[in-house]
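Asks: Structure in structure tokens, see below.
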Amino acid sequence: MARDIIDDRLIGALHLRALSRAGLAKDAALDHVAYQAGTLSSLMGGAFDGDLPLADLLAHGNMGIGTVAALAGELIIVDAMAFVIEADGNVCCPDPAVTSPFAVVCAFAPHHQFAITEATTLAAVCRRIDEVVSRPDSIVAVRIDGRFRNVAVRSVARQHPPYPTLAEVTAHQTQWRIDSLSGSVVGFRFPDTVAAIDVPGHHLHVISDDRLAGGHLLDLEIEQANVYLDVSSELHLELPVGVQLGPPGEADRESIARIEGQHRS
């Protein structure tokens, strides 16, 4: 298969392959490979349109997170179905033709599993994940199925051209809390070395079992849950026309943490 845009790169032990949309369409879906549309740096700069339809994204994975065109809500893919949580908390099923400027998916096939039998915090579970997968240069796809309480989430409203920066959008984001929720937390832990490409550390979304509530996860308490982890060292990245890869790892991590609402360690 011909390589598109750049040759395979090695960032530590992480293999990064950048592709055009046409290249991604020819790229076979594989277990233990993460597929991404767009880059974090382009999204932070206000590139909210994207060119990859959700149908193409779903062809490469049954689980993932991201956003949709015009930044019109938080995207979560679970059990091969896509959902968008809008700024008013409404959960909808987007048309497969809707594009994404930024999303990550995988064909989820977990290597590790552990149970949470006593109440604990999200921060504690993230630390446990880091202990189970101690290699910091690995991509870890995370799914947590269970019962949660005091769930803090956010979403953002649809934007209109000329688009602002992501920091300007999230300064006016909608945040709310859900007292209790049975559902799934879905997301990824990315290495710090790809900070310009993706969110370094844990980036998680949540959705209820009845698919009526969820959002970008800020925090929660876990009553009981099962945690599943899929470990990968491969990232296949679709670059929209006009989007440059940029130097991996060169990013303003404080701005990223502020935009993403990260406060876990």
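Derivation of every value follows stated rules applied to the coordinates shown; laboratory data play no part. What you see is a predicted model, and the numbers here were worked out from it, not measured in a lab. Here Cβ is always computed from backbone atoms with ideal geometry, including for glycine, and neighbour counts include all displayed protein chains.
Asks: State, as an integer percentage, the relative contact order of the range 109-265 based on alpha-carbon contacts under 8 Å between residues 6 or more apart.
Replies: 37
Asks: May I ask you to sort His205, His111 by Cβ crowding, counting other Cβ atoms within 10 Å and putting the fewest first?
Replies: His111, His205
Asks: Please compute the modelled spin-label separation between Arg158 and Arg135, points set 7 Å along Cα→Cβ, answer in nm with one decimal.
Replies: 4.3
Asks: Another one. List the extent of the Cα atoms of the range 124-170 along each of their three principal axes, largest first, rounded to whole Å.
Replies: 44, 31, 15
Asks: While we're here: Going by C-beta contacts inside 10 Å, put Thr117, Thr174 in order with the fewest on the left.
Replies: Fewest-to-most Cβ neighbours within 10 Å comes out as Thr117, Thr174.
Asks: Let me check the size of the chain from its C-alpha atoms; what are the radius of gyration and Dmax in Å?
Replies: 16.9, 51
Asks: Please report the relative contact order for the chain, taking Cα pairs under 8 Å with a sequence separation of at least 6, and give it as a percent rounded to a whole number.
Replies: 28
Asks: Hey, what did the range 23-169 get for relative contact order, percent, Cα under 8 Å, at least 6 apart?
Replies: So the answer I get is 31 percent.
Asks: Using only the alpha-carbon atoms, what does the range 65-166 span along each of its principal axes? Please give whole angstrom values in decreasing order.
Replies: 44, 30, 27
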